[in-house]
Amino acid sequence: MAQTAMEIAADVNARRRSAREVTREALARIERTDGDVGAYLTRLDEFALEHAEGVDARVGAGETLPLAGVPLAIKDNMCVRGTRTTCGSKILADWVAPYTATAVLRLLEAGAIPLGKTNLDEFAMGSSCENSALGVTRNPYDLERVPGGSSGGSAAAVAADEAVIATGSDTGGSIREPAAFCNVVGFKPTYGRVSRYGLVAFASSLDQIGPFARTVEDAALVYDVIAGKDPMDATSVDLPVEPTARHLRDDLNGIRVGIVREFTTDALPAVVADVYSIAYRELEKLGATLVDVSLPTAQYGLATYYLIAPAECSSNLARFDGVRYGLRVNGSDVTEMYEKTRAAGFGAEVKRRILIGTYALSSGYYDAYYVKAQKVRTLIAADFAKAFERCDVIASPAASSPAFRFNAKSDPYSMYLMDYYTIPVSLAGLPSLSVPCGAVIPEDGTRPMPMGLQLVTPLFEERRLLGVANAFEKATQHASKLTPQIAGARA
Amino acid sequence: MALAAEDAACTFGERAWSMPIDVRYVAKLARLALSPDEVESYGAQLTDFLTHVDALRELDTQDVPATAQVIHARNVGREDAVTPCLARDEVLAGAPQAYGSYFRVPRIIGAEE
């Protein structure tokens, strides 16, 4: 198996390997496999080698960097100064960012090497990456299947060993669902934990940046670097961040794991439900006690989310009007210029959500839809708070199924259902992750496809969350039981 | 006073659920040109979508406060200090059209009236 971020940083800091050497190997790997996977929209080879040289110089001068020489993939809705930042959209296809996102800046300062920008559903709206206007990303475990979304390129890059760590953004499940589909760890910290300065906004009361990695420990290492207050983002929380990476537990003695009554897996195919029954038993074997908890309003999560997120998106995406960024299509007057630019620049799903959101916010409907959804959001968050009086962590499926085939979800609502388990958690702002927990062979396939276990803790309890996931991962080693379809991916 | 206003909004809100959707009007508000095919397909999809979100009416939220964000931040302030800002040339380089140090837009004032 390829090296972890922890191992690479140790080697580079001890000068057993140079960051340049690690970078050259990673770039060669991308050259060999990304033609099949399509994880990257933009490669940053030159920038990567230049940055690696800087990391080697700093290490040579005696510095120890937490991510020294670790190959990093960046979701293409995060700005990197001087490189194009497309959001997977025609409207920004040629836009070059004039500044760098805080989370990315912190990773670069910590020694990570930026290999490129990864594919996503347009403006992070989708669950399969199929809504990207700029490229197709395939699941490294079955090239006929989607990698999940919206951060599908980042998940696929880590799964195909085309990066060791990656950034994602999660609004309703956009880190956790692709992580589950691609057999990697995907972690969404508490809302407000990580600065969003330089992340192109989708739904501002929900968006959060988080890492992809092959191990929980690596995800923790990235989190330790990116978490914390940033003066450039007023919504970033000014609370001390406890370091997590070297403080993760490996047993579950005394931990109460809540199993949500309403998240019964009865409706899932038996083979899928079995994976979760086994995962819950594995938690028990590690010392945890399973307790029954109830989230009576979680079933309203999807309806609530699909009013709030489009409402915020319709407002945030108003800035793409042909004036300040990217595409412009001329019209007879300024209004027609706006209308034609947006018609030509946005894809079908983005238009759909702008229309839903505009409708939900329009005069006469605002109280019926938007305010109503915000009130239900209060109830959902209160349900979680009550459940956490009885348990320390909640476990559930991360996605409603394993990765599906391309074009399998033509009805928009069937795609939205993929995030049934992640959306209520996002509405409550809670920290949450997906860790590999087994595999099934789908009815319409021959290759075993990975599944993810979603774990959730109360606000700001990231260390507890990562600790429970670490214990589960170390004891079960589910990720290493599967082999990607990409030749020599884990060679 | 506040209560009366909310009552009025709720009454109006109830009526809102069953109204047909004028997709052309919504698209106009969103500054989005739609083809005739799009008007038809989005109209059907939005109507279908609203039947899904209709489920929220089952919940009594009369006395429930709305949640705008979950971390209970209040009036976040900072020092009113001068700090470096983005490089103007780099920002303008990303615009479809620039003129000197300005974004260039089609004529808005004094167009034929």
So which of A:THR446, A:THR457 ends up being more than 16 Å from A:GLY186 (Cα to Cα) and among the polar types (S, T, N, Q)?
A:THR446
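Can we say B:VAL53 is facing another protein chain (nearest Cβ under 7 Å), surrounded by 15 or more Cβ atoms within 10 Å (Cβ to Cβ) and modelled with pLDDT under 95? First the steps, then the outcome.
Values: facing another protein chain (nearest Cβ under 7 Å): yes; surrounded by 15 or more Cβ atoms within 10 Å (Cβ to Cβ): yes; modelled with pLDDT under 95: yes.
Against the criterion (facing another protein chain (nearest Cβ under 7 Å), surrounded by 15 or more Cβ atoms within 10 Å (Cβ to Cβ) and modelled with pLDDT under 95), B:VAL53 qualifies.
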On the given criteria, is A:VAL291 in a helix (DSSP H, G or I) and β-branched (Val, Ile, Thr)?
no
Given B:GLY77, B:GLY94, which one is at the interface with chain A (Cβ under 9 Å from one of its Cβ atoms), touching a strand residue (DSSP E or B) at 6+ places or on another chain (Cβ under 7 Å) and more than 19 Å from A:THR358 (Cβ to Cβ)?
B:GLY94
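Kindly state which strands (runs of 3 or more DSSP E) lie completely within the range A:164-265 and contain at least 1 residues that are among the polar types (S, T, N, Q).
Numbers: elements: A:165-170, A:185-188, A:208-213, A:256-260.
Per the criteria, A:165-170, A:208-213.
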Filter the range A:327-339 for residues that are surrounded by fewer than 22 Cβ atoms within 10 Å (Cβ to Cβ) and in contact (Cβ under 8 Å) with a residue 12 or more places away in the chain; which is nearest to the chain's Cα centre (by Cα)?
A:LEU327
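Taking the stated definitions as given, is A:PRO431 of a type outside the set (Ser, Thr, Tyr), at pLDDT 95 or above and more than 22 Å from the chain's Cα centre (by Cα)? Walk me through it before giving the result.
Details: of a type outside the set (Ser, Thr, Tyr): yes; at pLDDT 95 or above: yes; more than 22 Å from the chain's Cα centre (by Cα): no.
No, not satisfied.
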Check whether at least one residue in the range A:353-375 is touching a strand residue (DSSP E or B) at 6+ places or on another chain (Cβ under 8 Å), at pLDDT 95 or above and not acidic (Asp, Glu), and report yes or no.
no
Condition set of a type in the set (A, V, I, L, M, F, W, C) and in contact with a Cys (Cβ under 6 Å, 6 or more places away or on another chain), scope the range A:168-217, selection surrounded by the fewest Cβ atoms within 10 Å (Cβ to Cβ): answer is A:ALA203
Every residue in the range A:369-386 that is of a type in the set (A, V, I, L, M) and either surrounded by fewer than 22 Cβ atoms within 10 Å (Cβ to Cβ) or out of contact with any Leu (no Cβ under 9 Å at 6 or more places or on another chain) (or both), please.
A:VAL371, A:LEU379, A:ALA381, A:ALA382, A:ALA385
State all residues of the range A:45-68 that are out of contact with any Leu (no Cβ under 6 Å at 6 or more places or on another chain) and either closer than 27 Å to A:GLY149 by Cα or within 14 Å of chain B (Cβ to nearest Cβ) (or both); if no residue qualifies, say none.
A:PHE47, A:LEU67
Going through the range A:328-371 one residue at a time, which ones are more than 7 Å from chain B (Cβ to nearest Cβ) and outside any helix (DSSP H, G or I)?
A:VAL329, A:ASN330, A:GLY331, A:SER332, A:PHE346, A:GLY347, A:SER363
Need pairs with beta-carbon distance below 9 Å; first residue in a helix (DSSP H, G or I) and within the range B:20-41, second aromatic (Phe, Trp, Tyr); sequence gap 6+ or separate chains.
B:VAL23/A:TYR359; B:VAL23/B:TYR42; B:VAL26/A:TYR359; B:VAL26/B:TYR42; B:ALA27/B:TYR42; B:LEU29/A:TYR359
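So that you can scan it fast, the table gives a plain yes or no per residue for (1) farther than 22 Å from A:PHE123 by Cβ; (2) among the acidic types (Asp, Glu); (3) under 21 Å from the mean Cα position of the chain (by Cα):
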site	(1), (2), (3)
A:ALA179	no, no, yes
A:THR190	yes, no, yes
A:LEU239	yes, no, no
A:THR264	yes, no, no
Residues located in the range B:86-113, provided they are modelled with pLDDT under 90, exposed (fewer than 10 other Cβ atoms within 10 Å of the Cβ) and more than 26 Å from the chain's Cα centre (by Cα)
B:GLY110, B:GLU112, B:GLU113
Just to verify a result, which residue in the range A:44-98, among those that are of a type in the set (Lys, Arg) and closer than 30 Å to A:VAL350 by Cα, is surrounded by the most Cβ atoms within 10 Å (Cβ to Cβ)?
A:LYS75
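Just need a number here: residues in the range A:249-289 that are touching a Lys or Arg at 6+ places or on another chain (Cβ under 8 Å) and either surrounded by 14 or more Cβ atoms within 10 Å (Cβ to Cβ) or farther than 17 Å from A:PRO436 by Cα (or both).
4
The values are calculated or read from the model by the stated rules, or taken from the named source; none is laboratory data. If you're wondering where the values come from, they're calculated on a predicted model, not measured in any experiment. Here the Cβ is made from the backbone with ideal geometry for all residues, glycine too, and neighbour counts use every protein chain on show.
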